[in-house]
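See below for the structure under consideration.
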Amino acid sequence: MNVEELFVENGALLKGHFLLSSGLHSDRYLQCALVLAQPGAAEKLGKALAAKSAVKPDLVLSPAMGGLMIGHEVARAFGVRHYFTERVDGVVQLRRGFALKPGEKVIVVEDVVTTGKSTKEVFEVVRASGANVIGALSIIDRTDGALDLRAPYAALWKVSITAWKPEECPLCKNGIPAIKPGSRVMEKK
Ligand code: ZN
C-alpha cells in the first residue's frame with residue numbers, strides 16, 4: 001500500500017498556503033480525517049500498522065479525536081479492545097468506564113505524531129494505572145527523526161513539511177493569501 005497515494009486520492013494532501021494553529025505558515029497540509037473517512041482505507045491502514053508491531057497488545061489506546069478511527073482499526077486488526085483518552089480541563093484521562101488493569105500490554109495509536117506530546121501524555125495514563133506501554137504507532141511520522149519516545153515506535157509514512165514564521169514565508173512574499181486548513185474546499189494535489 002502506498003500511503004502517500006492514498007492521501008492524494010482522497011484529497012487529504014492539500015497544497016496551498018496554510019495558516020497553522022501554531023501561527024506558522026506552510027505550503028502543504030495533511031488531513032488524515034479525509035482518508036479515514038473511507039472505511040476501506042481506514043481498515044487497510046489499521047492492518048498495515050498492526051503488522052508493524054512484533055508484539056500483540058492486550059489493548060490499543062488512542063488520544064481523542066485524532067487517534068479514534070485509526071486506533072479502532074488497529075485494534076480490529078489485532079482482535080483486541082480499543083480505548084481512548086480525553087482531555088478534560090487540560091488533563092488527559094480515561095473516561096466512559098474505560099479502565100486499564102495492572103500488567104496489561106498497551107499500544108498507543110495516533111494519526112500523526114509531530115512533537116510526541118500527546119503520545120507521552122497517553123503513556124503517562126497507561127503507567128499511572130500500572131499497565132505497560134509496549135509501543136506506539138501512527139499513520140504519519142512528522143518527527144523528522146528528532147523524537148525519542150523511549151518505547152518502540154513505527155509509522156507508515158515519514159513526512160517532512162516545512163513551516164515558516166509569517167515574516168519569513170515565501171508564499172506571503174508572493175502575495176498569496178493564507179487560509180486556515182479546513183476553512184473551505186482547497187485545491188487538491
Ligand atoms: Zn505565509
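The values are calculated or read from the model by the stated rules, or taken from the named source; none is laboratory data. Model, not experiment: these values are computed from the prediction. Here the Cβ positions follow ideal geometry from the backbone for every residue, glycine too, while neighbour counts run over all protein chains shown. The accessibility values were calculated without ligands, DNA or RNA, using every heavy atom of the protein model including side chains. Shrake-Rupley method; radii C 1.70, N 1.55, O 1.52, S 1.80 Å.
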Subset of region 110-129 that is hydrophobic (A, V, I, L, M, F, W, C) and open to solvent by less than 10 Å² (accessible area, probe 1.4 Å) - its residue that is nearest to E5 (Cα to Cα):
V113
Any idea which residue in region 17-33 is farthest from K165 (Cα to Cα), counting only those that are surrounded by fewer than 18 Cβ atoms within 10 Å (Cβ to Cβ) and touching a Leu at 6+ places or on another chain (Cβ under 9 Å)?
R28
Would you point out which residue out of A99, A64 is aliphatic (A, V, I, L, M), surrounded by fewer than 18 Cβ atoms within 10 Å (Cβ to Cβ) and within 11 Å of the chain's Cα centre (by Cα)?
A64
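Would you pick out the residues in region 39-52 that are within 21 Å of G11 (Cβ to Cβ) and either open to solvent by 90 Å² or more (accessible area, probe 1.4 Å) or among the hydrophobic types (A, V, I, L, M, F, W, C) (or both)? Write out each step before concluding.
Step one: filter region 39-52 for residues within 21 Å of G11 (Cβ to Cβ), giving 39-46, 48.
P39, A41, A42, K44, L45, A48, listed by residue number.
Within region 95-113, work out how many residues are in a loop (DSSP other than H, G, I, E, B) and under 14 Å from V125 (Cα atoms). Reasoning before the result, please.
The first filter runs over region 95-113 and keeps only residues in a loop (DSSP other than H, G, I, E, B), leaving 95-104.
From what's left, under 14 Å from V125 (Cα atoms): 95, 98-104.
Count: 8.
Condition check: in contact with a helix residue (DSSP H, G or I) (Cβ under 7 Å, 6 or more places away or on another chain) and either outside any helix (DSSP H, G or I) or at negative phi (or both). Does L34 satisfy that?
On the way: in contact with a helix residue (DSSP H, G or I) (Cβ under 7 Å, 6 or more places away or on another chain): no; either outside any helix (DSSP H, G or I) or at negative phi (or both): yes.
So L34 fails the test.
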Given the conditions (1) open to solvent by 50 Å² or more (accessible area, probe 1.4 Å); (2) more than 16 Å from the ligand (Cβ to nearest atom); (3) modelled with pLDDT of 95 or more; (4) not hydroxyl-bearing (S, T, Y), and given that V92 satisfies all but one, which numbered condition is not satisfied?
(1)
Those residues of region 141-160 which are touching an Asp or Glu at 6+ places or on another chain (Cβ under 9 Å) and either β-branched (V, I, T) or without any contact (Cβ under 8 Å) to a residue 24 or more places away in the chain (or both), in sequence order
K158, V159, S160
Pairs under 6 Å by beta carbon, first residue within 13 Å of T119 (Cβ to Cβ) in region 62-81, partner hydroxyl-bearing (S, T, Y) and not in a helix (DSSP H, G or I), six or more apart or different chains?
P63/T85; G71/S62
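Taking the stated definitions as given, is I107 touching a Pro at 6+ places or on another chain (Cβ under 6 Å), touching a residue at least 12 places away in the same chain (Cβ under 8 Å) and either open to solvent by less than 60 Å² (accessible area, probe 1.4 Å) or among the charged types (D, E, K, R) (or both)? Give the derivation first.
Values: touching a Pro at 6+ places or on another chain (Cβ under 6 Å): yes; touching a residue at least 12 places away in the same chain (Cβ under 8 Å): yes; either open to solvent by less than 60 Å² (accessible area, probe 1.4 Å) or among the charged types (D, E, K, R) (or both): yes.
Judged against the criteria, I107 is a match.
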Inside region 1-16, can you point out the residues that are in a helix (DSSP H, G or I), touching a helix residue (DSSP H, G or I) at 6+ places or on another chain (Cβ under 9 Å) and either within 16 Å of the ligand (Cβ to nearest atom) or open to solvent by 50 Å² or more (accessible area, probe 1.4 Å) (or both)?
E9
Filter region 130-177 for residues that are open to solvent by less than 40 Å² (accessible area, probe 1.4 Å), within 16 Å of the ligand (Cβ to nearest atom) and modelled with pLDDT under 95 and give the result.
I161
